[in-house]
Each structure stands twice: as structure tokens, then as C-alpha cells.
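Reviewing the structure listed below.
The values are calculated or read from the model by the stated rules, or taken from the named source; none is laboratory data. The structure presented is a predicted model; accordingly, all values stated were derived computationally and were not measured. Heads up, the Cβs are rebuilt from the backbone with ideal geometry, glycines too, and the neighbour counts pull from every protein chain shown.
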Amino acid sequence: MMMLSSSTFSQTTSTRSDTLKVKYPKSMLKNGDTLILFRIDQAREMAKDLETKAYQDTLLKECDRKDSLYQETVNKQNDQIVNLKDQISNHERIDSARVQQIKDVEQITKIQEKEIKKEKIKRKLVIAGSVVAEVLTVLLFVLL
């Protein structure tokens, strides 16, 4: 059997019982500064978390920007809907006024047609009366 010796750095510390392990991350003060010690796999995980959070922040900002654009679009569309509803109600009022005008014109036309018929009858009676009066006048002059 062959024995090899190698020097390595361990993240465990030896104590009297040699069973106490140092837990990372660990903070310590050196020259008035606070140092935080952590393992490489912890550093990788923190870097991934930072990148993920930066990406999520970017996505959140983009979503907020799009949301505000969508809200603006929805507000404009709601304003257009209100305007169109107002236009519809205005057109309905105009249409009902026109329908009433048509009814009034039809009523006036009926009254005028009746008056025209009456005037035609009166004219025919006047013509017939004048013909009768002429014939009587001629007969009176002839007989006398």
C-alpha cells in the first residue's frame, strides 16, 4: 500500500473535539471592515440569484410599461365607446324627430287633399250654377 499526502484547504476547523464544523456564510471583522466568507457554490448560487432577479426586474419594468400602454388604449377605447353611444342617442333623437315630421307632413297632406276635393266640388257647383243661370237668363230674354 502506498500513501500519498496532499495539502488541501478544508472548510472545517479543528477544535478540541475535532467535530465542530464552521458554517458558511460567516461574517468577521477585519481592520474595521465586515467581511463575509462563503463557499464557491454559495457564490455561484448568489450570482445566479442576482442575474435572475435582474432579469425579473427587467421583465417587470417591461410588463409595467406594456400594462400602462394597454391601460391607455383601454381608456381611449372606453372614451370612443362613450362618444359612439352619444352619437347613437343623437341619431335616434334625430330619427324620431324626422319620423314625427313625416307624420305631421302626412297629416297636413291629408287635410290639404280634403280641402282640394271640397274646392273642386265648389268649383263644379259654381260652374253648374253659372251655366244654369245663363240658360235661365237666355230663356227669360227669349220669352220676354
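Just checking, does the stretch 108-128 include any residue being under 30 Å from residue 24 (Cα atoms) and assigned to a helix (DSSP H, G or I)? No, every residue in the stretch 108-128 fails to be under 30 Å from residue 24 (Cα atoms) and assigned to a helix (DSSP H, G or I). Check 99, 132, 74 and return the single one that is more than 58 Å from the chain's Cα centre (by Cα), surrounded by 10 or more Cβ atoms within 10 Å (Cβ to Cβ) and hydrophobic (A, V, I, L, M, F, W, C). Only one candidate qualifies: 132.
Yes or no, residue by residue, for (1) of a type in the set (Gly, Ala, Ser); (2) modelled with pLDDT under 50; (3) touching an Asp or Glu at 6+ places or on another chain (Cβ under 7 Å); (4) exposed (fewer than 10 other Cβ atoms within 10 Å of the Cβ):
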residue: 8; (1), (2), (3), (4): no, yes, no, yes
residue: 19; (1), (2), (3), (4): no, yes, no, yes
residue: 31; (1), (2), (3), (4): no, no, no, yes
residue: 49; (1), (2), (3), (4): no, no, no, no
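With respect to being more than 30 Å from residue 26 (Cα to Cα), in a helix (DSSP H, G or I) and not acidic (Asp, Glu), residue 84 fits the description.
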